[in-house]
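**Student:** Below you will find the structure I want to go over with you.
The values are calculated or read from the model by the stated rules, or taken from the named source; none is laboratory data. Just so it is clear, the model here is predicted, and its values are computed rather than measured. All Cβ positions, glycine included, derive from the backbone under ideal geometry; neighbour counts span all protein chains shown.
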Amino acid sequence: MAIDWIGFAYAALLAVGGVVGYTRKGSKISLAAGLTFGSVAGYGAYCITRDPRNVKISLPFTQSLQVCVTTWQCLLLLDGYLTLQIL
């Protein structure tokens, strides 16, 4: 039984990113999102550690996180573009 070190490291990075966002900017949403996504990613890594074919948590989670981040980046780019057009 091999341990999914990459998955656990990814989960830790997500959680640490949320904590850093909270400590630097006081963002409670960043803290909540980082800890929530980090916990789900950690559970997914745990499931893969127990059974390497069990991607029922990790795969949909990774896809949903990708959609969230991509949507957020598109909104930020659109907001910056509209701000530049107004100025």
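**Student:** Can you confirm whether the range 50-61 contains a residue that is part of a helix (DSSP H, G or I), under 12 Å from residue 8 (Cα atoms) and either modelled with pLDDT of 85 or more or among the small types (Gly, Ala, Ser) (or both)?
**Tutor:** Filtering the range 50-61 down to residues part of a helix (DSSP H, G or I) leaves 50, 58-61.
Filter once more, so that each one left must be under 12 Å from residue 8 (Cα atoms): 58.
Subset that is either modelled with pLDDT of 85 or more or among the small types (Gly, Ala, Ser) (or both): 58.
Yes.
**Student:** Looking at (1) touching a residue at least 12 places away in the same chain (Cβ under 8 Å); (2) part of a helix (DSSP H, G or I); (3) within 23 Å of residue 1 (Cα to Cα), find the lone condition where residue 35 falls short.
**Tutor:** All conditions pass for residue 35, except number (3).
**Student:** Within the range 62-75, is there a residue that is in a helix (DSSP H, G or I) and at pLDDT 90 or above?
**Tutor:** Filtering the range 62-75 for residues in a helix (DSSP H, G or I) gives 62-75.
Okay, now just the ones that are also at pLDDT 90 or above, so none.
Scanning the range 62-75 turns up no residue that is in a helix (DSSP H, G or I) and at pLDDT 90 or above.
**Student:** From 45, 32, 12, 41, which residue is small (Gly, Ala, Ser) and at pLDDT 95 or above? It would help to see each step written out before you state the result.
**Tutor:** Details: 45 fails: at pLDDT 95 or above; 32 fails: at pLDDT 95 or above; 41 fails: at pLDDT 95 or above.
When all the criteria are applied, what remains is 12.
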